[in-house]
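Visitor: Okay, here's the structure, questions in a sec.
Here, each number is a calculation from the coordinates, and none is a lab measurement. What you see is a predicted model, and the numbers here were worked out from it, not measured in a lab. Because the Cβ atoms are built from the backbone with ideal geometry, glycine has one as well, and the counts that use them run over all protein chains shown.
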Amino acid sequence: MNFDIGGEQERMPAPLIKAFGVLKKAAAQVNATYGMDQKVADAISQASDEVISGKLLDHFPLVVFQTGSGTQTNMNVNEVISNRAIEIMGGELGSKTPVHPNDHVNMSQSSNDTFPTAMHVSAVVEINHTLLPALHQLHDALEAKRAEFESIIKIGRTHLQDATPLTLGQEFSGYVQQVANGIKRVEDVIPRLSMLAQGGTAVGTGLNTRKGFDVKVADAISEITGLKFQTAPNKFEALAAHDAIVEASGAMNTVAVSLMKIANDIRYLASGPRCGLGELSLPENEPGSSIMPGKVNPTQCEALTMVAAQVIGNNTTISVAGSYGQFELNVFKPVLIKNLLQSIRLLGDGSRSFTKNCVVGIEANKEKINQILNESLMLVTCLNSRMGYDNAAKCAKKAHKEGTTLKEATLSLGLLSSEEFDELVRPELMLGPN
């Protein structure tokens with residue numbers, strides 16, 4: 001093998017190979033309408049179905065790090081489908097007859113348009129089947145917690161310091177909105193990913209194809225996958241640039257950033273149990289330490305933050321690779337799709353695991369939340385309108401310096417009576433505009 005780089009773990013992603021199966025089946029169906037022998041087209045379609053199902057995945061040993069157009073993988077697909085079709089038709093393996101890898105399986109195609117087509121098909125399929133369902137599950141689980149925690153008042157924190165109160169439900173509503181925005185960002189890139197390069201052949205001109213081939217192939221792919229695809233309006237852009245892949249990675253990157261924030265917040269709020277914030281309790285899924293008995297760690301949060309870190313790194317690789325489109329062809333195609341598919345899969349699996357093994361089991365430690373709330377000096381903020389900023393600051397600083405409560409400091413300064421303080425400092429009245 002000429003590209004012995006990285007070993008088995010760097011093999012071309014299975015979703016891409018399956019997408020090639022979809023493409024070759026679609027092309028055979030269309031080519032039959034232009035004169036290809038129907039029996040040959042049917043055999044190619046049957047062999048392609050076996051690629052789509054994963055039955056033939058062992059026959060695709062090539063790694064990502066090969067020619068930047070993915071030519072070796074396109075030919076790997078052509079040869080596997082050709083030989084399997086030959087078997088189906090009762091021929092001799094390796095004979096290239098009655099099904100030739102180039103003349104039949106690759107008819108009206110070039111690696112330069114098949115590989116980017118398979119890139120887009122695999123990305124759209126994985127987004128729809130893996131990522132979006134998982135993000136919707138996470139969104140719904142967080143929304144359920146938002147509703148559950150709606151009336152629990154807690155102290156807010158800015159700059160990692162005490163701030164004014166809010167409800168735990170309000171805090172979780174921010175997470176809900178982040179995930180909702182992430183879903184929308186991912187959905188918004190699908191129309192560009194659904195535009196297919198097929199029909200551009202070598203440099204985008206469509207040499208060696210028949211008129212209408214590109215439109216018919218896109219329609220056939222839509223029929224096979226059950227997802228909407230269309231031919232790219234400009235094949236030169238579709239071969240030479242992969243801005244849609246870069247855009248999709250940007251959406252994944254933003255989702256990863258959101259999940260990093262959410263997972264970190266939750267694990268920090270669950271820190272303790274006795275010497276941390278301890279406002280949340282997380283499910284006890286497994287022992288946390290091999291040396292400290294009884295320790296429970298926020299493992300799902302840690303797993304998700306590692307997923308986020310990987311996706312953020314993948315976005316850098318994709319950004320660099322996307323910029324390497326010289327003249328009529330981008331020659332970083334395999335590494336582009338490898339990293340995008342990994343990001344899609346990791347975010348999908350990570351979100352699903354985080355939802356199932358963490359979010360649905362989160363509990364609020366109301367006693368600890370209330371204790372911290374009542375100890376906070378930032379409740380003084382509600383006194384601004386009564387005594388002014390400077391006097392309110394004196395109360396807070398005095399209480400902090402002397403280790404007393406805010407009420408004790410305010411009373412000792414003679415700024416309010418006990419009754420006035422109790423009337424003004426009410427966290428439940430500090431949750432929104434007056």
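Visitor: Within the set of other residues whose C-beta is less than 15 Å from the C-beta of residue 115, count the net charge using Lys and Arg as +1 and Asp and Glu as -1.
Guide: The answer is +3.
Visitor: Write out the trypsin sites (Lys or Arg not before Pro) in the range 164-268 meeting two conditions: DSSP loop, and at most 14 other Cβ atoms within 10 Å of their Cβ.
Guide: Filter output for the range 164-268: 211, 228.
Visitor: Could you state the angle between the C-alpha long axis of helix 213-225 and the longest principal axis of the C-alpha atoms of the chain, as a value from 0 to 90 degrees rounded to the nearest 10?
Guide: 60
Visitor: Hey, what angle do you get for helix 333-357 against the long axis of the chain, alpha-carbon based, 0 to 90 degrees rounded to 10?
Guide: Long axis of 333-357 versus the principal axis of the chain: about 40 degrees.
Visitor: If you don't mind, there's one more thing I want to ask. Spelling out what I want: for every residue of the range 305-320, take phi, set θ = phi - 60°, compute 6.51 cos²θ - 1.76 cosθ + 1.60 (Karplus), and round to whole Hz; glycine and proline get x.
Guide: For the range 305-320, the Karplus curve yields 5, 5, 4, 4, 4, 5, 5, 4, x, 4, 5, 5, 4, 5, 5, 5 Hz.
Visitor: Something else: Would you list, by chain and number, the aspartates and glutamates whose Cα falls below 16 Å from the Cα of residue 55, excluding same-chain residues fewer than 8 positions away?
Guide: 79, 87
Visitor: Could you tell me which GluC sites (Glu not before Pro) in the range 22-100 are loop residues by DSSP with no more than 12 other beta carbons within 10 angstrom of their beta carbon?
Guide: Here the sparse-neighbourhood loop sites are 92.
Visitor: On the Cα set of the range 1-155, report Rg and Dmax in Å, please.
Guide: In Å, with Rg to one decimal and Dmax whole: 20.8, 75.
Visitor: Kindly provide the pair-distance distribution of the chain built from C-alpha pairs, with 10 Å bins from 0 and whole-percent values in order of increasing distance.
Guide: P(r) for the chain, in whole percents per bin: 4, 19, 22, 17, 13, 10, 7, 5, 2, 0, 0.
Visitor: Of the listed pairs 366/397; 368/401; 261/394; 368/397, which have alpha-carbon separations greater than 31 Å here?
Guide: 261/394
Visitor: What does the convex hull of the alpha-carbon atoms of the range 331-434 project to on average, in nm²?
Guide: 12.3
Visitor: Tabulate in residue order the Karplus-calculated ³J(HN,Hα) for the range 259-265, using 6.51 cos²θ - 1.76 cosθ + 1.60 with θ = phi - 60°, rounded to whole Hz; enter x for Gly and Pro.
Guide: 5, 4, 5, 4, 5, 5, 4
Visitor: Gap in Å between the Cα centre of the range 335-386 and the Cα centre of the range 77-142?
Guide: Centre-to-centre (Cα) distance: 40 Å.
Visitor: For the range 329-390, what size does the Cα cloud have along each of its three principal axes, sorted from largest down, in whole Å?
Guide: 69, 34, 13
Visitor: Which lysines have a Cα less than 23 Å from the Cα of residue 228, not counting those fewer than 8 places away in the same chain?
Guide: Excluding near neighbours in sequence, the set is 18, 24, 25, 184, 211, 216, 333, 338.
Visitor: Turning to a different aspect of this structure: Can you spot the lysines whose alpha carbon is less than 19 Å from residue 398's alpha carbon? Ignore those fewer than 8 places along the same chain.
Guide: In chain and number order, the partners are 407.
Visitor: Amide H neighbours of residue 167 under 5 Å, counting only residues 5+ apart in sequence or on other chains, H built in-plane at 1.01 Å?
Guide: When sequence neighbours closer than 5 places are left aside, the close amide H contacts are 154.
Visitor: If each residue's Cβ is checked for other Cβ atoms within 10 Å, how do 277, 142 rank with the fewest at the top? Walk me through the numbers on the way to the answer.
Guide: On the way: 277 18, 142 26.
Ascending number of Cβ neighbours within 10 Å: 277, 142.
Visitor: For the range 187-298, what is the convex hull (Cα atoms) projected area averaged across all directions, in square nanometres?
Guide: 11.6
Visitor: Oh, and also: Taking the Cα atoms only, what angle lies between the long axis of helix 71-88 and the longest principal axis of the chain, rounded to 10 degrees?
Guide: The angle comes out at about 60 degrees.
Visitor: Return the distance in nm (one decimal) between the two label points of a simple spin-label model at residue 39 and residue 429, each offset 7 Å from Cα along Cα→Cβ.
Guide: Result: 9.0 nm between the two label points.
Visitor: What FRET efficiency comes out for residue 319 versus residue 147 if R0 is 41 angstrom and r is the Cβ-Cβ distance? Round to the nearest 0.05.
Guide: The pair residue 319/residue 147 has a calculated efficiency of 0.60.
Visitor: Further, regarding this structure: Quick one: what are the phi-derived ³J(HN,Hα) couplings along the range 132-142, Karplus 6.51/-1.76/1.60 with θ = phi - 60°, whole Hz, x for glycine and proline?
Guide: Values, residue by residue: 4, x, 5, 5, 5, 4, 5, 4, 5, 5, 5 Hz.
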